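Colleague: Would you mind keeping the following structure in view while I ask a few things?
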Amino acid sequence: MKTLRNSVQLIGNLGMDPEVKETSNGKKVAKFSLATSETYRDKQGEKVTQTQWHNLVIWGGLADIAGTYLKKGKQIAVEGKLSNRSYDDKEGKRRYITEIVVNDLVMLGKVG
């Protein structure tokens, strides 16, 4: 059961091209959003699609791969863990963000 703690698996489409940066200590990091959609029928029988947006962060060699091969709209599968952090915005207001720190990535769909 140890591997089930704080584990997230998602399949979705990229909402943006990954933004790859290098930290001051030389580590690569890529950030981007992922959309997951669920479709169901409401009480009236109408088809409804609900989309959730997730913030993803990838470190190291996977960040390079993400920056090279992933583009907006591409379908991927990821496995990772939830991470919460806070920061102060330009106006000095405290902001909170939940991200998925990706450990594994699989590109789905057509190549190219």
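Colleague: Report, by residue number, each residue of segment 24-49 that is over 21 Å from LEU82 (Cα atoms) and either in a loop (DSSP other than H, G, I, E, B) or of a type outside the set (Ser, Thr, Tyr) (or both).
Modeller: Passing the criteria: SER24, ASN25, GLY26, ARG41, ASP42, LYS43, GLN44, GLY45, GLU46, LYS47, VAL48.
Colleague: On the basis of being among the aromatic types (Phe, Trp, Tyr) and closer than 27 Å to GLY109 by Cβ, does TYR87 make the cut?
Modeller: Details: among the aromatic types (Phe, Trp, Tyr): yes; closer than 27 Å to GLY109 by Cβ: no.
Spelling it out, it is not the case that TYR87 is among the aromatic types (Phe, Trp, Tyr) and closer than 27 Å to GLY109 by Cβ.
Colleague: Can you find a residue that is more than 24 Å from LYS27 (Cβ to Cβ), among the hydroxyl-bearing types (Ser, Thr, Tyr) and either touching a His at 6+ places or on another chain (Cβ under 9 Å) or exposed (fewer than 10 other Cβ atoms within 10 Å of the Cβ) (or both) anywhere in segment 83-99?
Modeller: no
Colleague: Quick one: in segment 50-71, which of the residues that are in a strand (DSSP E or B) and of a type in the set (S, T, N, Q) is nearest to the chain's Cα centre (by Cα)?
Modeller: ASN55
Colleague: Consider GLY15 carefully, then state whether it is closer than 18 Å to LEU105 by Cβ, surrounded by fewer than 17 Cβ atoms within 10 Å (Cβ to Cβ) and touching a residue at least 60 places away in the same chain (Cβ under 8 Å). Walk me through how you get there before you give the answer.
Modeller: On the way: closer than 18 Å to LEU105 by Cβ: yes; surrounded by fewer than 17 Cβ atoms within 10 Å (Cβ to Cβ): yes; touching a residue at least 60 places away in the same chain (Cβ under 8 Å): no.
No, not satisfied.
Colleague: Also: Looking at (1) in contact with a strand residue (DSSP E or B) (Cβ under 7 Å, 6 or more places away or on another chain); (2) within 22 Å of THR98 (Cα to Cα); (3) loosely packed, with under 11 Cβ neighbours inside 10 Å, which one does TYR40 not meet, given that it meets all the others?
Modeller: So TYR40 meets the others, but not (2).
Colleague: A further question follows. Cβ-Cβ below 6 Å, separation at least six or inter-chain, first residue in segment 24-48 and among the charged types (D, E, K, R) and modelled with pLDDT under 95, second surrounded by 10 or more Cβ atoms within 10 Å (Cβ to Cβ) and in a strand (DSSP E or B): which pairs?
Modeller: So the pair list comes out as ASP42/VAL48.
Colleague: Among the residues of segment 74-105, write down those that are within 15 Å of PRO18 (Cβ to Cβ) and either out of contact with any strand residue (DSSP E or B) (no Cβ under 6 Å at 6 or more places or on another chain) or assigned to a strand (DSSP E or B) (or both).
Modeller: Looking only at segment 74-105, we keep the residues that are within 15 Å of PRO18 (Cβ to Cβ), and these are 74-76, 78, 80, 99-102, 105.
Within segment 74-105, GLN75, ILE76, VAL78, GLY80, GLU99, ILE100, VAL101, VAL102, LEU105 qualify.
The values are calculated or read from the model by the stated rules, or taken from the named source; none is laboratory data. Bear in mind that the values here come from a model prediction, so they are computed numbers and not experimental data. FYI the Cβ positions are ideal-geometry reconstructions off the backbone, even for glycines, and counts take in every protein chain you see.
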